[in-house]
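Just so you know, all these numbers are worked out from the coordinates, no wet-lab data involved. This one's a predicted model, so the numbers in the text were calculated from it and none came from an experiment. For neighbour counting, all protein chains shown are included, and Cβ atoms are generated from backbone atoms with ideal geometry for every residue, glycine included.
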Amino acid sequence: MESQKSIAVITGASSGIGLEFAEQLDSHPGIDEIWLCARRKDRLENLARKLRKVAKVIAGDVTDPLWQNKLRQELKTNNVKIHTLINSAGMGKKGTVEEIGCENNAYMIDLNCRALTVVCSICIPFMAVGGRILNLSSVAAFLPQPKFAVYAATKSYVLSYSRALHRELKSKQITVTAVCPNPMETEFFQHTGKPQEISSIKRIGLEQVEKVATKALRRSERKKDISLQSLSAKFVRIVSRILPHPFIMWIEEKIGL
């Protein structure tokens with residue numbers, strides 16, 4: 001009988017930190033195959049050719065129930081166990097709730113929250129004992145952010161959901177880690193809708209995807225439920241616990257965040 005393959009499943013793998021996770025996991029001795037998931041099939045295929053491990057491309061929009069069913073069927077019909085699941089598909093748009101509009105706000109929630117939750121639910125029955133899930137949250141999860149209201153709220157959901165799921169899956173020896181970086185040097189600013197209006201203060205805290213991914217994988221190996229790479233992210237987390245949020249939002253407004 002053919003032995004089970006140990007796989008990594010990565011959403012948002014076509015760029016940014018999702019791509020970085022794929023490249024770092026390419027040298028992991030406990031993983032036989034990497035499944036790459038994102039909308040841009042050409043980018044996934046280019047990445048698959050560069051990886052040394054066998055890579056399966058499952059292209060499509062992770063919010064689409066048809067794509068979700070395809071992932072479920074692939075897991076059912078292949079003799080696999082999931083060593084690592086990484087949910088890095090996500091988006092953010094800058095502007096007031098009214099400016100961004102109903103459709104974009106709803107899609108942000110679908111992508112950042114609903115799809116992530118569905119993918120976890122699909123994959124958990126196939127997780128290996130000792131496996132791990134990394135969900136991309138953000139330092140924005142710690143505080144409400146006017147003009148990033150929906151984005152910050154979705155990342156708060158990811159943080160809360162991940163930490164609770166970590167506790168639920170402890171008996172199965174599955175670790176769930178919420179990764180909470182500052183804005184990273186990726187395509188994120190180009191997709192906010194107003195990249196030129198992102199404050200210089202936010203740009204000061206830009207993190208390198210390589211460091212964020214490395215720290216996150218290390219934290220998950222240590223069975224931690226949260227990963228913060230930079231001192232500034234740790235500072236924001238501490239401040240958010242001490243000071244009232246209305247006061248912090250007042251300060252944000254005054255300094256132009």
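Observations on the model:
- Gained length - Leu231 relative to Arg49, 0.36 nm times residue gap less alpha-carbon distance: 61.9 nm
- Between the helical axis of 209-221 and the longest alpha-carbon principal axis of the chain there is an angle of about 60 degrees.
- Ordering Asp42, Asp26 by the number of other Cβ atoms within 10 Å of each residue's own Cβ, fewest first, gives Asp42, Asp26.
- Placing unit charges on the Cβ atoms only, positive for Lys and Arg and negative for Asp and Glu, gives the chain a dipole magnitude near 760 debye about its Cα centre.
- Entry note, the chain: relative contact order of 17 percent, from Cα contacts under 8 Å with a spacing of 6+ residues.
- Rough spin-label spacing in nm, given labels placed 7 Å along Cα→Cβ, for Ser160 and Leu206: 3.2 nm
- The slack between Lys5 and Asn104, meaning 0.36 nm per residue of separation minus the straight C-alpha distance, is 31.8 nm.
- Cα gyration tensor shape of region 92-152, rounded if a/c is under 1.5, else prolate or oblate by comparing a/b with b/c: oblate
- The candidate values are (i) 0.94; (ii) 1.04; (iii) 0.97; the one derived from this structure for Rg/Rh (Cα atoms, Kirkwood Rh) carries the label (iii).
- Top positive-direction residue, dipole computed over the chain with Cβ charges, set Ala233, Val176, Val62: Val176
- Put a plus charge on the Cβ of each Lys and Arg, a minus charge on the Cβ of each Asp and Glu, and nothing anywhere else: the dipole of region 44-119 about its Cα centre is then about 720 debye.
- Region 1-53-region 144-186 distance, computed between alpha-carbon centres (Å): 22 Å
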